[in-house]
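Here's a structure for you.
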Amino acid sequence: MAVSRMDNVTFVVPRERVEDNNLKIIEAASFEPHYVEEILDNEITSSLSKVQSENPYRQVYTEMMNFLKMSEYKPPFDEKEINLYEPIDIDSIEKKFKLMNEGIRNFFNRKNELTKQLKDYENVLFHVNILANLKIDLGDLSQINRIKLIFGRVPIRNYDNLIESSLKDPILILEVNRDRDNSWLFVFTSPDFEEAARKILQSAYFEEDALPVDYTGTPKEVKSRIESLVEITKISINENDFAIKKVLYSNKEFIDKYYPIILGHKRVYDLHSFSSSTGSLYLLNGWMPSKEAKKFFEETEEDVLMINESAEKISKQKKIEVPVKVENRGGWLKGFEFVTKMFGIPSYGEVDPTPFVAAFFTFMFGFMLGDVGHGAILFLFGYFMYKKGSKQFGTVMMSAASASIFFGFMYGSVFGFEWLPALWLRPIIQINQLMIVGIYYGIGMISFGMILNIINGFRQRNWEKAFFSPEGIAGLVFYWPAVIAVSFYLFEGKVPYMNLIIVLIIVSLIAMLLKKPLGQIVSGEKINLGEGFWVETGFGMFDTLISFLSNAISYVRLAAFALTHEALFEAFWIMTLMVLPARGGDVWAILIFLMGQLVLVGLEGLVVFIQSLRLTYYEFFTKFFEAGGREFHPFTFSEEKRV
């Protein structure tokens, strides 16, 4: 539930143990390589030589992967079964893969050509279906010289406006067909007026398309020929695919045997390229999570030296950015990681906001869209997305929908109807109470963000941030007395301990105004204000005071959207009742009611999701979350994850 502690690890390995040690590192999938020259002192690195040797498995690996790509085959792979000590003849394996590639390359190229040709045929078929009612030779259309013919489509809703706007111009527009959304047109004009005609068409969102003028005959005749060509092409594609598969299956045992071996050797040498040598020893440096580093150390062979240094120490000494591994246990918290990562990755040593995002986002979504029925529909949608592979988004939606169901019981709302007794309040009736809860929830969320910023400041030993920034202790000392004073004044008409509150506010304002020199003093640095300090600080203080107010007011939207949900339902319900007495009113009533439910679940669900993100990102994250980190990418057998 936090950013993992990292170690900088250096392996000192004898030459004869390099392959075995590198294989174990890759299997652990917890090591991100880093060039050792950037870590060690110059006195040491000056005696090291960088590994320059070419990877001896690169060429055979390339030939193997070319075959797998052309044959669309993915061999089974178990990293535990890789045996680097099994003797293999690289040249003979490479030669065989080359022969296999030569055996299928013509079939593969021909298959690609036929696939492209099939798409062209299907495109022609699409257009001749549109022109099916015309009794003209398509080849004749290419012979038109004195008149410019433009073919394309325009949205049906814009067709009448296009006709009307072109009545006084030398343009002839003929509608040749319609589909569900578009009107397909022949547009005739003079060559001199072509540019103006295109502007008129563009104003109606006209999209030009190509006519199949390379074929002769009427559209129906062309359609018949193309349909035959489509079937013949599909058969040819299958024949070439069968030829490829024949070569594949005749060599499948060979591929399955050598794929993991070649991949293992190749990746071991890829990792070796990060090493440096003293002659008899090789040094490999990188980052590992502390827990994995400790476990790996316990399993390291006696003749391999593993040197661990804390990431904090290395980062401070060498000014090197430490990669960040975010660890959140449980599917629920892991689901919300994507919400955090859309904003950014935490810096090393910074608090991971994911657990707080999960709680705050879920609460706000339910508060704004509290309805048992609509929440149940959104939960089913989230479950569907989860099962379809979008596990993180599905988890977020199911969590948010659960909160929606909970607040539905609090509001007594089921599909907009007040069928249940409200366990808390009715938003449409108790508006003031709802707004007060929303604002004070926002004040609490903003304050919590400031507390997290103070924690980050202490972790990073950034005393200016922790003590004197508007989001630090000085900001809290200003913010809470101000909130208490305003609250007492609004609800009680008087403010207790006014003198104390004024003193706290003045002291905190002075601290925030002088945050830079005060931070330098606490850090033991020489005071250096720089040019334009007072102007920059003055504008900064003004922005800070405005943001304290605007951030809290932003949370009024929690109440506003809760009210919007009920108001929208009432509007659609009134329309439903209005059409009910009319002739056929029962059908129209059902349609309007269903449309209203669709808007409430779909459109409002989307808007509430966006608003929950906005409040999280711009009112909460901006108080403490720098999001300047770089994600940890361990070196694995997968080429896609290669550092």
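The values are calculated or read from the model by the stated rules, or taken from the named source; none is laboratory data. Fair warning: this is a prediction, and the values are worked out from it, not measured in the lab. As a convention, Cβ positions derive from the backbone with ideal geometry for all residues, glycine included, and neighbour counts pool all protein chains shown. Ligands, DNA and RNA are excluded from the accessible area calculation, which covers all protein heavy atoms including side chains. Shrake-Rupley method; radii C 1.70, N 1.55, O 1.52, S 1.80 Å.
From the list Arg225, Arg198, exactly one residue is modelled with pLDDT of 90 or more and closer than 15 Å to Val124 by Cβ. Which is it? So that I can check it myself, show each step before the final result.
Working: Arg198 fails: closer than 15 Å to Val124 by Cβ.
Arg225 is the lone residue from the list that is modelled with pLDDT of 90 or more and closer than 15 Å to Val124 by Cβ.
May I pose another question? Which number in (1) open to solvent by 40 Å² or more (accessible area, probe 1.4 Å); (2) in contact with a helix residue (DSSP H, G or I) (Cβ under 7 Å, 6 or more places away or on another chain); (3) of a type outside the set (Ser, Thr, Tyr); (4) touching a residue at least 40 places away in the same chain (Cβ under 8 Å) marks the one condition that Asp181 misses?
(4)
Something else now. Search the stretch 427-444 for residues that are closer than 17 Å to Gly408 by Cβ and pair each with any residue that is of a type in the set (Asp, Glu) and open to solvent by 70 Å² or more (accessible area, probe 1.4 Å) when their beta-carbon atoms are under 8 Å apart and the residues are at least 6 apart or on different chains.
Note: pairs meeting the criteria are Ile428/Glu570.
Identify, please: which residue in the stretch 14-48 is part of a strand (DSSP E or B) and touching a Leu at 6+ places or on another chain (Cβ under 7 Å) and is, among those, farthest from Ala359 (Cα to Cα)?
Quick first cut of the stretch 14-48, residues part of a strand (DSSP E or B) only: 14, 32-34.
Those left that are additionally touching a Leu at 6+ places or on another chain (Cβ under 7 Å): 14, 33.
On the way: Pro14: 51, Pro33: 36 Å.
The selected residue is Pro14.
Would a scan of the stretch 394-414 turn up a residue that is touching a Phe, Trp or Tyr at 6+ places or on another chain (Cβ under 7 Å), assigned to a loop (DSSP other than H, G, I, E, B) and closer than 25 Å to Leu594 by Cβ?
The answer is no; no qualifying residue exists.
Let me ask something additional. What's the number of the condition Gly530 fails, among (1) modelled with pLDDT under 85; (2) open to solvent by less than 70 Å² (accessible area, probe 1.4 Å); (3) not in a loop (DSSP other than H, G, I, E, B)?
Gly530 satisfies all of (1) modelled with pLDDT under 85; (2) open to solvent by less than 70 Å² (accessible area, probe 1.4 Å); (3) not in a loop (DSSP other than H, G, I, E, B) except (3).
Scanning for something surrounded by 17 or more Cβ atoms within 10 Å (Cβ to Cβ), in contact with a Leu (Cβ under 6 Å, 6 or more places away or on another chain) and in contact (Cβ under 8 Å) with a residue 24 or more places away in the chain, does the stretch 575-595 turn up at least one residue?
no
Now for a different question. Taking the stretch 406-425, which residues are open to solvent by 40 Å² or more (accessible area, probe 1.4 Å) and free of Cβ contacts under 8 Å to residues at least 40 places away in the same chain?
Within the stretch 406-425, Phe409, Glu418, Trp419, Pro421, Leu423, Trp424 meet the criteria.
Any residue that is in a helix (DSSP H, G or I), hydroxyl-bearing (Ser, Thr, Tyr) and either in contact with a Lys or Arg (Cβ under 7 Å, 6 or more places away or on another chain) or open to solvent by less than 50 Å² (accessible area, probe 1.4 Å) (or both) - is there at least one of those in the stretch 442-461?
Our first condition is that a residue be in a helix (DSSP H, G or I); within the stretch 442-461, this holds for 442-459.
Now narrow it down to the ones that are hydroxyl-bearing (Ser, Thr, Tyr): 447.
Now narrow it down to the ones that are either in contact with a Lys or Arg (Cβ under 7 Å, 6 or more places away or on another chain) or open to solvent by less than 50 Å² (accessible area, probe 1.4 Å) (or both): 447.
Looking for residues that are in a helix (DSSP H, G or I), hydroxyl-bearing (Ser, Thr, Tyr) and either in contact with a Lys or Arg (Cβ under 7 Å, 6 or more places away or on another chain) or open to solvent by less than 50 Å² (accessible area, probe 1.4 Å) (or both), one finds at least one in the stretch 442-461, hence yes.
Right, something else. Which numbered condition trips up Ala243, out of (1) small (Gly, Ala, Ser); (2) farther than 30 Å from Asn101 by Cα; (3) in a helix (DSSP H, G or I)?
Ala243 satisfies all of (1) small (Gly, Ala, Ser); (2) farther than 30 Å from Asn101 by Cα; (3) in a helix (DSSP H, G or I) except (2).
Quick test for you: out of Ala560, Ala552, Ala567, pick the one residue that is in a helix (DSSP H, G or I), among the aliphatic types (A, V, I, L, M) and under 14 Å from Ile443 (Cα atoms).
Numbers: Ala560 fails: under 14 Å from Ile443 (Cα atoms); Ala567 fails: under 14 Å from Ile443 (Cα atoms).
Matching residue, one of Ala560, Ala552, Ala567: Ala552.
Follow-up. Just to be sure I understand the filter: pairs with C-beta atoms under 6 Å, separated by 6 or more residues or on different chains, first member in the stretch 599-628 and of a type in the set (Val, Ile, Thr), second member in a helix (DSSP H, G or I) and open to solvent by 50 Å² or more (accessible area, probe 1.4 Å). Which pairs pass?
Final answer for the pair search is Val601/Ile377.
Could you please find all residues in the stretch 390-405 being among the small types (Gly, Ala, Ser), open to solvent by 10 Å² or more (accessible area, probe 1.4 Å), more than 11 Å from Asp371 (Cα to Cα) and at pLDDT 95 or above?
Of everything in the stretch 390-405, just one residue is among the small types (Gly, Ala, Ser), open to solvent by 10 Å² or more (accessible area, probe 1.4 Å), more than 11 Å from Asp371 (Cα to Cα) and at pLDDT 95 or above, namely Ser399.
Only one of (1) surrounded by 11 or more Cβ atoms within 10 Å (Cβ to Cβ); (2) under 12 Å from Tyr258 (Cβ atoms); (3) not aromatic (Phe, Trp, Tyr) fails for Arg105. Which number is that?
Arg105 satisfies every listed condition except (2).
Looking at (1) open to solvent by 50 Å² or more (accessible area, probe 1.4 Å); (2) of a type outside the set (Asp, Glu); (3) farther than 16 Å from Asp371 by Cα, which is the only condition Leu568 fails?
For Leu568, the failing item is (3).
Within the stretch 478-517, restricting attention to residues that are over 30 Å from Ile527 (Cα atoms) and among the charged types (D, E, K, R), which residue is least open to solvent (accessible area, probe 1.4 Å)?
Glu492
Moving on. Condition first: among the polar types (S, T, N, Q) and either touching a Gly at 6+ places or on another chain (Cβ under 6 Å) or open to solvent by 20 Å² or more (accessible area, probe 1.4 Å) (or both). Can you find one or more residues in the stretch 463-477 that meet it? So that I can check it myself, show each step before the final result.
Here is the first cut: in the stretch 463-477, the ones among the polar types (S, T, N, Q) are 469.
Subsequent filtering for residues that are either touching a Gly at 6+ places or on another chain (Cβ under 6 Å) or open to solvent by 20 Å² or more (accessible area, probe 1.4 Å) (or both) retains none.
Checked against the condition, which is being among the polar types (S, T, N, Q) and either touching a Gly at 6+ places or on another chain (Cβ under 6 Å) or open to solvent by 20 Å² or more (accessible area, probe 1.4 Å) (or both), the stretch 463-477 yields no hits at all.
Scan the stretch 239-254 residue by residue and report those that are polar (S, T, N, Q) and loosely packed, with under 13 Cβ neighbours inside 10 Å. Walk me through it before giving the result.
Looking only at the stretch 239-254, we keep the residues that are polar (S, T, N, Q), and these are 240, 250-251.
Within the stretch 239-254, Ser250 is the sole residue that qualifies.
Is it the case that some residue within the stretch 205-215 is among the aromatic types (Phe, Trp, Tyr), at negative phi and open to solvent by less than 40 Å² (accessible area, probe 1.4 Å)? Explain how you work it out, then say what you get.
We begin by selecting, within the stretch 205-215, every residue among the aromatic types (Phe, Trp, Tyr); these are 205-206, 215.
Now drop any that are not at negative phi, which leaves 206, 215.
This time we only want the ones that are open to solvent by less than 40 Å² (accessible area, probe 1.4 Å), so: 206.
The answer is yes; a qualifying residue exists.
Return the residue satisfying two criteria in turn: it lies in the stretch 287-299 and is open to solvent by less than 40 Å² (accessible area, probe 1.4 Å) and touching a helix residue (DSSP H, G or I) at 6+ places or on another chain (Cβ under 8 Å), and of such residues it is farthest from Asp78 (Cα to Cα).
Let us first name the residues in the stretch 287-299 that are open to solvent by less than 40 Å² (accessible area, probe 1.4 Å), namely 287-290, 293, 296.
Still in the running and touching a helix residue (DSSP H, G or I) at 6+ places or on another chain (Cβ under 8 Å): 287-288, 296.
Values: Trp287: 25, Met288: 23, Phe296: 20 Å.
Selected residue: Trp287.
Let me ask something else. Among the residues in the stretch 274-287, are any in a helix (DSSP H, G or I) and at pLDDT 90 or above? Even if it seems obvious, please write down each step before you answer.
If we filter the stretch 274-287 for residues that are in a helix (DSSP H, G or I), which is where we start, we get none.
Scanning the stretch 274-287 turns up no residue that is in a helix (DSSP H, G or I) and at pLDDT 90 or above.
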